[in-house]
Amino acid sequence: MAFCERLSEQLAVVATIDPVAGGTAAQTSDNFDMSLHRRALFILQTGAGTAGNTVVIQEGTVNFTAGTATILSAAATAVAAANSQYLFEVSAEAMADGLTRLRAVVTSVGADLISLVALADVERYSPASDRNLASVVSIQCAN
């Protein structure tokens, strides 16, 4: 089995922000249940435009109205440059008791182009494909 085939069986796309010109509005990713995973990796890409976006990874309840808290914020997640990639990793152990959901919120200061993908490790109790949001058009391997 090729490496990329094994990797796609071990990771699931659990949240996204489709490519968008941010404007000055906050863009929010899907939220997902971290009780099913050990670790999640948020990958943000910024395109040409105004630098200075901020990224906040939030933890909360299912509907994110009560108990929403910030798990990564401030200087650690200030996006300082356009045309760059940023990685934010969260472990399930770092989350507060009773808060099981994660999401990313990206706030733009200008017309910067952004996109975000969150990957999580294999689900503990069911196949990762059950909640995989991937809209991958093609996976190719050279063996």
Scanning for something within 24 Å of L113 (Cα to Cα), part of a loop (DSSP other than H, G, I, E, B), in contact with a Gly (Cβ under 8 Å, 6 or more places away or on another chain) and at pLDDT below 80, does segment 11-22 turn up at least one residue?
yes
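Yes/no per residue for (1) surrounded by 15 or more Cβ atoms within 10 Å (Cβ to Cβ); (2) modelled with pLDDT of 85 or more; (3) of a type in the set (D, E):
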{"position": "S73", "(1), (2), (3)": "yes, no, no"}
{"position": "E93", "(1), (2), (3)": "no, yes, yes"}
{"position": "V137", "(1), (2), (3)": "no, no, no"}
{"position": "C141", "(1), (2), (3)": "no, no, no"}
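Residues are listed down the side, and each one gets a yes or a no for (1) at pLDDT below 90; (2) assigned to a helix (DSSP H, G or I); (3) more than 20 Å from A25 (Cβ to Cβ); (4) among the acidic types (D, E):
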| residue | (1), (2), (3), (4) |
| --- | --- |
| A96 | yes, no, yes, no |
| L99 | yes, no, yes, no |
| I114 | yes, no, no, no |
| E123 | yes, no, yes, yes |
Hey, could you check segment 39-63 for residues that are outside any strand (DSSP E or B) and not β-branched (V, I, T) and say which is nearest to D112 (Cα to Cα)?
G49
Between residues in segment 21-33 that are surrounded by 14 or more Cβ atoms within 10 Å (Cβ to Cβ) and residues that are assigned to a loop (DSSP other than H, G, I, E, B) and among the aromatic types (F, W, Y), which pairs lie under 9 Å by C-beta distance while being six or more apart or on different chains?
T28/F64; N31/F64
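The values are calculated or read from the model by the stated rules, or taken from the named source; none is laboratory data. As the structure is a prediction and not an experimental result, all values here were calculated from the model. So basically every Cβ, Gly included, is an ideal-geometry build from the backbone, and we count neighbours across all protein chains shown.
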